[in-house]
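Please read the structure below before turning to the comments.
What follows draws every value from the coordinates through simple rules; no lab data is involved. In this text the structure is predicted, and so the values were computed from the model without any measurement. Don't worry about glycine lacking a Cβ; one is built from the backbone with ideal geometry, like all the others, and counts go over all protein chains shown.
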Amino acid sequence: MTGRFDRDGYVVVGCLTRDEVDGLNDEALRIFRGEAGDITGLAASHEGDDDGEVLRRYACIHQPHKISPVLRQALSHPELVRVLTRLIGPDVKSMQSMLFTKGEGKPGQAWHQDEYFIPTRDRSLTAAWIALDDATVENGALWALPGSHRPGVIYPDREHDDERFDCAIEAYDFPYRDEDAVPLEVEAGSVVFFDGYLLHRSLPNTGRHGLRRALVNHYMSAQSLLPWQGPPEGTHTAKWDFRDVTLVAGTDPYAWKGYADVVRPHIRPSRDGGCGR
């Protein structure tokens, strides 16, 4: 497993049971209905609203574990932790969860590297992309450029107007071809673990196989500082350590700094709502 991860930048592992997937999907619906707690940008649902319609209103909710004990527990699912401690090391912390729903006809996300958005000091950033539905090419599964993580380079980025993709930037000018990409088609309950430097994207849901849901958590070594979200005034970047994190395995050598609750659950802007450019 670790050899494949080192070589390709990703590995697929079956981690969740059908009952666990069903429980996460039930909780996702409760979150999208606004029944779990406040989410910035989320419109109120009404009792008669169709469940499918509610789930298709938004593409992504950031930090849902902040209001959901079920998703908070999923951060440290024993099977995820078993894999993460092999890939990262004995001490693992999480800084982010994202709940994705991709309805029929909805766009994907252009080529990007997670390390661009969440900078770490030690290249330990690892995503756990948990499939809550079978992910296929038709409904917008992930695509990856195998081995693109190995150079450890953050490639240039730019805005784009490609209707196939959402509002996020796209990486470009990298030495890989679209033709080299492989689709990561996985069954519900499987988890795609991938390196923070891996170039990956997803394409639109063509509408042939219904909704595609996924829960994505991000992790890194608890032994390293996390220079994320920008240092507060008066704090040097080299000393900044973002403390809105959750320890999921081992010990936190920086626990003496305490923990914060800064980032609140919010809706990611979509093309439908305007990209705000």
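Only lysine pairs 8 or more places apart or on separate chains count here, and in the chain those with Cα atoms under 29 Å apart total 9. The distance linking the range 228-244 with the range 1-31 is 31 Å (Cα centroid to Cα centroid, whole angstrom). Considering only 245, 160, 256, and ranking their Cα positions along the charge dipole of the chain that arises from unit charges at the beta-carbon of Lys, Arg, Asp and Glu, the one farthest toward the positive end is 256. Neighbour counting of Cβ atoms within 10 Å sorts the residues 240, 143, 256, fewest neighbours leading, into 256, 240, 143.
Going by a ≥ b ≥ c, the root eigenvalues of the Cα gyration tensor, does the range 38-163 fall in the rounded group (a/c under 1.5), the prolate group (a/b larger than b/c) or the oblate group? Oblate. For the range 43-87 and the range 141-183, what is the separation of their C-alpha centers, rounded to whole Å? If you average the Cα positions of each part, the centres end up 25 Å apart. Between the residues 64, 75, 100, the greatest Cα displacement towards the positive end of the dipole of the range 48-107, with unit charges on the Cβ of Lys, Arg, Asp and Glu, is found for 75. I need to check one value: relative contact order of the range 56-105, counting alpha carbon pairs closer than 8 Å and at least 6 residues apart, in percent. Result for the range 56-105 is 61 percent.
Sparsely packed loop sites in the range 1-56 (the GluC sites (Glu not before Pro) outside DSSP H, G, I, E and B with at most 14 other Cβ atoms within 10 Å) comprise 35, 47.
When only the Cβ of Lys, Arg, Asp and Glu is charged (+1, +1, -1, -1), the dipole of the chain relative to its Cα centre reaches about 720 debye.
Using a/c under 1.5 as the rounded threshold, could you call the chain rounded, prolate or oblate? The axes a ≥ b ≥ c are square roots of the C-alpha gyration tensor eigenvalues, and prolate needs a/b larger than b/c, oblate otherwise. In terms of gyration-tensor shape, rounded. Distance between the 7 Å Cα→Cβ label points at residue 1 and residue 51: 3.2 nm.
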